[in-house]
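Quick note: the coordinates plus some simple rules give every number you see, no bench work behind them. Bear in mind the structure is a predicted one, so any value in this text is a computation, not a measurement. Using ideal geometry, Cβ is built from the backbone for each residue, glycine included, and neighbour counts are taken over all protein chains shown.
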Amino acid sequence: MSPLILVVEDESALVTLLRYNLEREGFRVAEARDGEEALLMAREQKPDLVLLDWMLPLLSGLEVCRQMRRMPETRSVPIIMLTARGEEGDKLRGLDSGADDYVTKPFSPSELVARIRAALRRSRPTSNGESLQFEDLTMDLAAHRVRRRGRDIHLGPTEFRLLRYLMEHQGRVFSREQLLDMVWGQDVYVEPRTVDVHIRRLRKAINASDETDLIRTVRSAGYSLDREA
C-alpha cells in the first residue's frame, strides 16, 4: 500500500496544491485543518509522514509537533514542517520541537516530494527485527553486539541504548532534551550536558581513526546518525 501523508494546513488553496502533487506521485493523502484535528487524525489514521504548517488554528504547529513526539502512535512518524518563517532561529525551534525537516514557503512541489521520499527512507532503516544497520555499522539486538567493518565495538548500557535509538531514527536530528526523554526516560533527572559526554564516548567507540564519523552534530540543535554533508 502506498504511504499515507497527513497534510495539516488551514489554507484551502495550498491543501489542494499539495493533494494534487502528492497523489500524482502515488501517495495517499489525509487532511487536517487545525492543530486539534491533526492530533486526532494522527492517532486514528496512523500516517507514514506528516506535513505540518507552523501557523494553525487552536494549536500551533510547534505544539502539535511536540505532542506527536510524546504520543506512542506518532513518536517515530517523520514530520516535515511547512512555514513562511525562514529565519535560522525559527528553523532551530522547529527542529527542536521534534520536526525531521523544515521547508520554507513558497516551495517547489518537486523538491518537497524529494524531501518526503528521503524522510520516508530514513524512517525505515534496514532491519529484520533482530538487527539494525547504518552504512557499515550493524547492531545485533538479540546478541546485544555492535560491529563495524568486522570489528567488535564494546559499548556500555547507556551508549548501547543511545546508539539503538539513533539507528532506529536515522537522519533525524534530536536535541539533548529529546534524547534524555527517549533514552534515559522522562522520570529520570539528568543534566542535558550529560548527553554530550555519552555522545563523545559513543563517537570514540564506533569511529576508528580511519573511519568516517557517523554522528553528525547540528549546531544549536542536537545530534543525528548521519554523514556530515
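Helix-only estimate, please: 222 nm mean residue ellipticity of the chain, summing -39500 (n - 2.57) across DSSP H runs of length 4 or more and dividing by its residues, to the nearest 500.
The helix-only estimate for the chain comes to -11500 deg cm²/dmol at 222 nm.
Per-residue Karplus couplings for segment 149-156, computed as 6.51 cos²θ - 1.76 cosθ + 1.60 with θ equal to phi - 60°, are listed in order as 6, x, 9, 6, 10, 9, 10, x Hz, Gly and Pro entered as x. From Cα pairs below 8 angstrom and at least 6 apart in sequence, can you work out the relative contact order of the chain, rounded to a whole percent? Over the chain, the number comes to 13 percent. With contacts taken as Cα pairs under 8 Å at a separation of at least 6 residues, segment 4-122 carries a relative contact order of 23 percent. Kindly identify the chain as rounded, prolate or oblate by the Cα gyration tensor criterion: order the square roots of the eigenvalues as a ≥ b ≥ c, call it rounded if a/c is under 1.5, otherwise compare a/b with b/c, prolate if a/b is larger, else oblate. Verdict is prolate for the chain.
Fully extending the segment from Arg161 to Thr104, taken as 0.36 nm per residue of separation minus the present Cα-Cα distance, adds 17.1 nm. Net length available on complete extension from Arg117 to Glu130 is 2.2 nm, with 0.36 nm assigned per residue and the Cα-Cα distance removed.
Restricting the GluC sites (Glu not before Pro) of segment 1-89 to loop positions (DSSP other than H, G, I, E, B) with no more than 11 neighbouring Cβ atoms within 10 Å leaves Glu87. If you take the Cα centroid of segment 1-17 and the Cα centroid of segment 130-205, the two points sit 34 Å apart. Take 219-225, 145-151 and order them by the average number of nearby Cβ atoms within 10 Å per residue, most first; the result is 219-225, 145-151.
For Ser12 and Arg66, a Förster radius of 25 Å and the Cβ-Cβ distance give a FRET efficiency of 0.45, rounded to the nearest 0.05.
Please state the relative contact order of segment 126-225 as a whole percent: Cα pairs under 8 Å, 6+ residues apart? Averaging sequence separation for qualifying contacts and normalising by length gives 25 percent for segment 126-225.
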